[in-house]
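The values are calculated or read from the model by the stated rules, or taken from the named source; none is laboratory data. Remember, predicted model here, so these are calculated numbers, not experimental data. For neighbour counting, all protein chains shown are included, and Cβ atoms are generated from backbone atoms with ideal geometry for every residue, glycine included.
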């Protein structure tokens, strides 16, 4: 595709349910990033992938959060047993390589946990 | 840990005039990258400009330029000839050369008035 796409664009869920957020990076981009943006806040780095590997998972807020990437392309961010404080916009970005390459952002998934 | 501070939560400027957005950061590293991203109401994050710390020359991109003061750990963004389409949230970001953990400031909401 022409840009980074994310689905769903909006998700409303009940507290305690699991959710999966999907990111399709730009074709050929080897690096993929996940960020969280809470209302009126800056972006919080969660995790990045170089290929299918995530070298550092320490940015994930809790063990309820996990992410995977298969085939060096699509990535899924999973939040188990969602809590109200998980409500935020989750942004995905990709770049040709990791490092200072320009990151291209998707439109985000707005998650609301009731 | 690296931190990024944007001390101006909101700013406004008249169309066609010049505005400067402030950003300071804290790091013990010597080799890093700095970015300004724009997030319009559509929520799409767009790279405005970037600067490699080892380069003394300030980066410029058309109407956008930076004043990079490495010793002062300051990275301000100047927007010349402001246009209505420049209205957006602007985020300053820092990335260490050795990892891919991008740190964002809290953002400055810029409004360009006609």
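Among A:97, A:39, A:111, A:91, which is the only one that is in contact with a helix residue (DSSP H, G or I) (Cβ under 9 Å, 6 or more places away or on another chain) and either at pLDDT below 90 or buried (at least 18 other Cβ atoms within 10 Å of the Cβ) (or both)?
On the way: A:97 fails: in contact with a helix residue (DSSP H, G or I) (Cβ under 9 Å, 6 or more places away or on another chain); A:39 fails: in contact with a helix residue (DSSP H, G or I) (Cβ under 9 Å, 6 or more places away or on another chain); A:91 fails: in contact with a helix residue (DSSP H, G or I) (Cβ under 9 Å, 6 or more places away or on another chain).
A:111 is the lone residue from the list that is in contact with a helix residue (DSSP H, G or I) (Cβ under 9 Å, 6 or more places away or on another chain) and either at pLDDT below 90 or buried (at least 18 other Cβ atoms within 10 Å of the Cβ) (or both).
What's the number of the condition residue A:75 fails, among (1) at pLDDT 90 or above; (2) closer than 22 Å to residue B:107 by Cβ?
Every listed condition holds for residue A:75 apart from (2).
For segment A:88-114, which positions are more than 8 Å from chain B (Cβ to nearest Cβ) and free of Cβ contacts under 8 Å to residues at least 40 places away in the same chain?
Scanning segment A:88-114 gives no hits.
Determine whether segment A:39-46 contains at least one residue that is under 23 Å from residue B:98 (Cα atoms) and outside any strand (DSSP E or B).
yes
When segment A:1-36 is examined, which residues are found to be more than 17 Å from residue A:108 (Cα to Cα) and touching a helix residue (DSSP H, G or I) at 6+ places or on another chain (Cβ under 9 Å)?
A:15
Among the residues of segment A:72-83, is there at least one that is touching a strand residue (DSSP E or B) at 6+ places or on another chain (Cβ under 7 Å), assigned to a strand (DSSP E or B), within 14 Å of chain B (Cβ to nearest Cβ) and buried (at least 16 other Cβ atoms within 10 Å of the Cβ)?
No: segment A:72-83 contains no residue that is touching a strand residue (DSSP E or B) at 6+ places or on another chain (Cβ under 7 Å), assigned to a strand (DSSP E or B), within 14 Å of chain B (Cβ to nearest Cβ) and buried (at least 16 other Cβ atoms within 10 Å of the Cβ).
Could you please let me know if residue A:24 is touching a residue at least 24 places away in the same chain (Cβ under 8 Å) and away from chain B (no Cβ under 14 Å)?
Here the answer is yes, as residue A:24 does meet what is asked.
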